[in-house]
Amino acid sequence: DRDADALADAGRELASPGFVVDITDWESVRQAAAATAESLGGVQMLVNNAGITRANRPSWELSVEEWRQVVDIDLTGVFLCCKAVVPMLIAGGYGRVVNIASIAGKEGNPNAAHYSAAKAGVIGFTESLGKALARTGVIANCVTPAVIESDILKQMSESHIQYMLSRIPMGRFGLKEEAAALVAWLCSRDCSFSTGAVFDLSGGRATY
């Protein structure tokens, strides 16, 4: 996390240390990846889960800064983390990469063009990465959730939240535990013949 206090809270809950990192800054990412590998004695898994939404407005009303911040964190951050960690995985002859995209990247959500575009980019990036890694022992997949009940809802307008809820046939948001279970499988050795794939977690919203 780039928030040291939030990182400390998570570390206590998970009984695991962490590193302050800004995933939009290459040197910060590179140093955190190296420190993580040293702390753990190597790296075998990378989950790119950081993301923001910012304002819910039509694209022509977004500021340039709002657009760039969302794309920098939600898409470029995925690239930088993969750039830092994937070579470690290749060198070890084994690895799992899971990128968290969004159903918005497949369908596009109104008044969220920056977020939708960034998450569509994550899908395309993962498909390309999976093909490039296919014979290395490293596989890369992505997850496209509908809304997961988490702190990201605090960044959205109530009308946008209700719109997204209305699109989910199950009539509820996903749970963090449900997302974690899918990611855990994608990070496991049981997931061995899927790469460059997109796994929906949408309560029935995605049917293709």
Query - Pick from segment 1-38, criterion surrounded by 14 or more Cβ atoms within 10 Å (Cβ to Cβ) and among the acidic types (Asp, Glu), ranking: modelled with the lowest pLDDT - result: 1
Report summary line: Checked segment 11-38 for anything under 20 Å from residue 78 (Cβ atoms) and hydrophobic (A, V, I, L, M, F, W, C); matches are 19, 20, 21, 23, 26, 29, 32, 33, 34, 35, 37
Query raised in the report: Does residue 55 satisfy being closer than 28 Å to residue 189 by Cα, touching a helix residue (DSSP H, G or I) at 6+ places or on another chain (Cβ under 9 Å), of a type outside the set (S, T, N, Q) and crowded, with 16+ Cβ neighbours inside 10 Å?
Result: no
Query raised in the report: Do you know which of the residues in segment 125-160 that are without any contact (Cβ under 8 Å) to a residue 40 or more places away in the chain and either within 21 Å of residue 87 (Cβ to Cβ) or basic (Lys, Arg) (or both) is most open to solvent (accessible area, probe 1.4 Å)?
Result: 135
Query raised in the report: Is it the case that residue 74 is outside any loop (DSSP other than H, G, I, E, B) and in contact with a helix residue (DSSP H, G or I) (Cβ under 7 Å, 6 or more places away or on another chain)?
Result: yes
Report task. Give segment 87-114 a look and list any residue that's over 12 Å from the mean Cα position of the chain (by Cα), crowded, with 21+ Cβ neighbours inside 10 Å and over 20 Å from residue 203 (Cα atoms), or say none. Result -> 89, 95, 96, 112, 114
Query raised in the report: Among the residues of segment 91-106, how many are in a helix (DSSP H, G or I) and in contact (Cβ under 8 Å) with a residue 24 or more places away in the chain?
Result: 3
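The values are calculated or read from the model by the stated rules, or taken from the named source; none is laboratory data. Here the structure is a predicted model, which is why all the values come from computation and not from measurement. Neighbour counts are summed over all protein chains in view; Cβ atoms, including those assigned to glycine, are modelled from backbone coordinates with ideal geometry. Side chains are part of the model used for accessible areas, which takes the heavy atoms of the whole protein and leaves out ligands, DNA and RNA. Shrake-Rupley method; radii C 1.70, N 1.55, O 1.52, S 1.80 Å.
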